[in-house]
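Before we start, here is the structure in question, set down as structure tokens.
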Amino acid sequence: SQQGEEDPQALSIQEGENATMNCSYKTSINNLQWYRQNSGRGLVHLILIRSNEREKHSGRLRVTLDTSKKSSSLLITASRAADTASYFCGANNLFFGTGTRLTVIP
Amino acid sequence: GAGVSQSPSNKVTEKGKDVELRCDPISGHTALYWYRQRLGQGLEFLIYFQGNSAPDKSGLPSDRFSAERTGESVSTLTIQRTQQEDSAVYLCASSLQVLANTGELFFGEGSRLTVL
């Protein structure tokens with residue numbers, strides 16, 4: 001069974017806006033990772049945050065982690081049409097949520 | 001190879017038949033994972049290999065599912081007596097990691113299984 005949940009399930013924004021996706025998990029973690037999946041393809045790793053970290057940046061991506069609430073958020077700034085994809089969080093590489101489907105409208 | 005390779009990319013089979021799905025991980029990656037993704041759903045962990053340690057089979061949904069890995073190379077996922085609910089994309093990922101479940105995963109493109 002899946003032990004992760006992302007919300008929202010779907011998000012539609014205009015190009016240039018910021019997109020925020022949230023993830024909650026149930027287990028204790030060593031790390032949490034965010035992945036992107038284009039339709040029908042494999043997942044691509046975006047960013048890893050360790051359990052002793054609270055925030056991490058990579059380019060237009062910002063990830064936060066709150067282990068007390070067992071939650072994480074992914075912020076994509078200045079979104080582009082090419083960011084359209086599904087985004088998943090994975091806890092310890094074992095537990096993945098159902099994903100957030102992001103659509104960026106040009 | 002440059003990435004994780006999976007074959008076949010698509011497989012259509014009849015209910016009750018056995019299928020084998022293959023994964024070639026990135027050379028040197030000690031960890032290998034199998035996941036199942038049903039249409040519109042997230043990833044379900046199936047099994048995890050780490051070096052020469054006993055695999056973590058805790059995600060296998062039934063005894064019809066099994067997987068093997070030869071050393072730190074190729075892995076095969078076998079589904080016996082396939083059922084329609086086995087229809088899904090089966091994703092393989094490998095990782096260069098020292099500690100369990102800590103490394104960045106590199107995914108293959110998946111094997112799409114359709115059971116008629």
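Can you name the number of the only condition in (1) at the interface with chain A (Cβ under 10 Å from one of its Cβ atoms); (2) without any contact (Cβ under 8 Å) to a residue 24 or more places away in the chain; (3) closer than 26 Å to A:Ser51 by Cβ that B:Gly40 fails?
With respect to (1) at the interface with chain A (Cβ under 10 Å from one of its Cβ atoms); (2) without any contact (Cβ under 8 Å) to a residue 24 or more places away in the chain; (3) closer than 26 Å to A:Ser51 by Cβ, B:Gly40 is out only on (3).
Would you say A:Gln9 is more than 16 Å from A:Phe95 (Cβ to Cβ), open to solvent by 70 Å² or more (accessible area, probe 1.4 Å) and within 11 Å of chain B (Cβ to nearest Cβ)?
yes
Among the listed residues A:Pro106, A:Pro8, which satisfies the condition of being touching a helix residue (DSSP H, G or I) at 6+ places or on another chain (Cβ under 6 Å) and either more than 21 Å from B:Gly108 (Cβ to Cβ) or modelled with pLDDT of 95 or more (or both)?
A:Pro106
The conditions are (1) open to solvent by 10 Å² or more (accessible area, probe 1.4 Å); (2) in contact (Cβ under 8 Å) with a residue 12 or more places away in the chain; (3) part of a strand (DSSP E or B), and A:Phe88 fails exactly one of them. Which is it?
Answer for A:Phe88: the failing condition is (1).
In region A:34-58, which residues are open to solvent by 70 Å² or more (accessible area, probe 1.4 Å) and either at pLDDT below 95 or small (Gly, Ala, Ser) (or both)? Write out each step before concluding.
Of region A:34-58, the ones open to solvent by 70 Å² or more (accessible area, probe 1.4 Å) are A:39, A:41, A:44, A:50, A:52, A:54-55, A:57.
Result: A:Ser39, A:Arg41, A:Val44, A:Arg50, A:Asn52.
Right, something else. Out of (1) of a type in the set (Gly, Ala, Ser); (2) away from chain A (no Cβ under 14 Å); (3) under 23 Å from A:Trp34 (Cβ atoms), the odd one out for B:Ser66 is which?
Going through the list (1) of a type in the set (Gly, Ala, Ser); (2) away from chain A (no Cβ under 14 Å); (3) under 23 Å from A:Trp34 (Cβ atoms), B:Ser66 breaks only (3).
Among the numbered conditions (1) closer than 16 Å to A:Asn93 by Cα; (2) within 11 Å of the chain's Cα centre (by Cα); (3) open to solvent by 70 Å² or more (accessible area, probe 1.4 Å), tell me where A:Arg62 comes up short.
The single condition A:Arg62 does not satisfy is (1).
Turning to a different aspect of this structure: Can you tell me which residues in region A:33-80 are within 22 Å of B:Pro25 (Cα to Cα) and either part of a strand (DSSP E or B) or touching a Leu at 6+ places or on another chain (Cβ under 8 Å) (or both)?
Hits for region A:33-80 are A:Gln33, A:Trp34, A:Tyr35, A:Arg36, A:Gln37, A:Gly42, A:Leu43, A:Val44, A:His45, A:Leu46, A:Ile47, A:Leu48.
Related question: Restricting region B:69-116 to residues that are touching a Gly at 6+ places or on another chain (Cβ under 7 Å) and among the charged types (D, E, K, R), which is nearest to the other protein chains (Cβ to nearest Cβ)?
B:Glu109
The values are calculated or read from the model by the stated rules, or taken from the named source; none is laboratory data. Keep in mind the model is a prediction, meaning the values are calculated, not measured. Quick reminder, even Gly has a Cβ in these numbers, built from the backbone with ideal geometry, and neighbours come from all protein chains shown. Protein only, heavy atoms only, side chains kept; ligands, DNA and RNA dropped before computing areas. Shrake-Rupley method; radii C 1.70, N 1.55, O 1.52, S 1.80 Å.
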